[in-house]
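Each remark here refers to the structure printed beneath this line.
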Amino acid sequence: MPARRLDGTAWAERLRHKLEPRVAAVRRHAGRPPGLAVVLAGTHPPSEIYVRNKIATATAHGCHAVLHRLPETASVDEALVLVRQLNADDTIDGILVQSPLPAGMGTDAESRVFDAVDPSKDIDGFHPVNVGRLVQKRQALVACTPLGCATLLDREEIPLRGRHAVVIGRSDIVGKPMAMLLLHRNATVTICHSRTVDLPAICRTADVLVAAIGRPGFVTPDFVKPGATVIDVGINRVETPEAAGALFAPNTPKRTQFEAKGHVLVGDVHPDVADVAGALTPVPGGVGPLTIAMVLANTVTAAEWRLGLHL
Ligand code: NDP
């Protein structure tokens, strides 16, 4: 039986609508809507799309959302000046600095700029204060993608207590906070990475498997225990006929899409996993829409906490 599809698009829509009374409460108490500022430095086509979606979603749900652009040639100091202005702006509750920053800003630019964001406005949950608070299971703003995955698991009532959850990937943005959220839900958590020995065997013991790797179709059916829940965080653009052919059989919808457009979006999970897993997030339409919904949710939460509305 094919895996149940965990519909991130539908959940994201429900979650966004549930936020509307909270947006209205912020307006009533503060005399202004929750405010989101997005900083976009340089020209990076995928970032343009992500930023556009985040701004449009926040605006559509009654927030005040502003985009601040910096040129590709901007220095890290210019980015820091902008972040400090936004920290001091009382109409802004959430600040999001879109990654990646231009290479010209230097290798430590992201940590310097992310660290400069006021932790109470850090809706990406990247600031060490929020990371530490998450680890200690205290009130924290949590990174949007893992928060979206955990919310999906909660809403779908996927059992986690005492279950084995395996996270492939140990990035600060996805893998590590994901592991913490699973641990806080009483799962027994294993984090895997590129040096893990016999990755498929470890993954096959997972009741819940989260793939956050960045390699198209990497997780094949031999990684998956029959009936397991698989969360596919990866978003990869497949652009060659060889890669598309290795992933999608002729006359399947994705193969047809590739043949028509010359590219197709693929997760880290191979499509054949749908024959083994019990439940699976699609790509697109799984984790991606939930990430965007969590940007809105975290903006509203940050506004509530800053106003003392939701303690
Ligand atoms: P990173 O590149 O920061 O991390 C990738 C992780 O995968 C690393 O920990 C790496 O291990 C591990 N890895 C790489 N190759 C292997 C391998 N062969 N075996 C086991 N582990 C491996 O990526 P991100 O965490 O930022 O993103 C992961 C994916 O999620 C990407 O496809 C990205 O586009 C997507 N993404 C999707 C979002 C959404 O909204 N849906 C949001 C954010 C990301 P090591 O640490 O040892 O190098």
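The values are calculated or read from the model by the stated rules, or taken from the named source; none is laboratory data. What you see is a predicted model, and the numbers here were worked out from it, not measured in a lab. Virtual Cβ from ideal backbone geometry, glycine too; neighbours counted across all protein chains shown.
Quick notes
- With respect to being closer than 26 Å to residue 208 by Cα, surrounded by fewer than 16 Cβ atoms within 10 Å (Cβ to Cβ) and of a type in the set (A, V, I, L, M), residue 174 falls outside the description.
- Where residue 159 falls short, out of the listed (1) more than 16 Å from the ligand (Cβ to nearest atom); (2) in the same structural domain as residue 173 (by TED's automatic domain parsing); (3) of a type outside the set (Asp, Glu); (4) under 21 Å from residue 20 (Cα atoms): (4)
- Considering only residues in region 140-156 that are out of contact with any Leu (no Cβ under 8 Å at 6 or more places or on another chain) and not in a helix (DSSP H, G or I), the one that is farthest from the ligand (Cβ to nearest atom) turns out to be 141.
- Among the residues examined, residue 13 does not qualify as acidic (Asp, Glu) and more than 29 Å from residue 156 (Cβ to Cβ).
- The residue pairs whose first member lies in region 248-267 and is within 27 Å of residue 212 (Cβ to Cβ), whose second member is of a type in the set (A, V, I, L, M) and surrounded by fewer than 15 Cβ atoms within 10 Å (Cβ to Cβ), and whose beta carbons are closer than 8 Å, counting only pairs six or more residues apart or on different chains, are 255/249.
- Residue list for region 114-129, restricted to those being more than 18 Å from the chain's Cα centre (by Cα) and either buried (at least 23 other Cβ atoms within 10 Å of the Cβ) or at pLDDT below 95 (or both): 117
- Test: residue 300 is modelled with pLDDT of 95 or more, more than 15 Å from the ligand (Cβ to nearest atom) and not basic (Lys, Arg): yes
- Residue that is nearest to the ligand (Cβ to nearest atom), among those in region 174-187 that are out of contact with any strand residue (DSSP E or B) (no Cβ under 9 Å at 6 or more places or on another chain) and in a helix (DSSP H, G or I): 177
- Extreme residue, farthest from residue 141 (Cα to Cα), among residues of region 188-212 that are hydrophobic (A, V, I, L, M, F, W, C), part of a loop (DSSP other than H, G, I, E, B) and touching a helix residue (DSSP H, G or I) at 6+ places or on another chain (Cβ under 9 Å): 206
- Residue that is in a helix (DSSP H, G or I) and at pLDDT 95 or above, where the choices are 32, 28: 28
- Scanning region 133-187 for residues that are among the basic types (Lys, Arg) and within 13 Å of the chain's Cα centre (by Cα) yields a count of 1.
- Helices (runs of 4 or more DSSP H) wholly inside region 223-311 containing at least 2 residues that are closer than 30 Å to residue 34 by Cβ: 287-307
- Selected residue (criterion: farthest from the ligand (Cβ to nearest atom)) from residues of region 260-275 that are surrounded by 20 or more Cβ atoms within 10 Å (Cβ to Cβ) and aliphatic (A, V, I, L, M): 273
- Matching option when the condition is buried (at least 19 other Cβ atoms within 10 Å of the Cβ) and in contact with a Pro (Cβ under 9 Å, 6 or more places away or on another chain), among 37, 58, 79: 58
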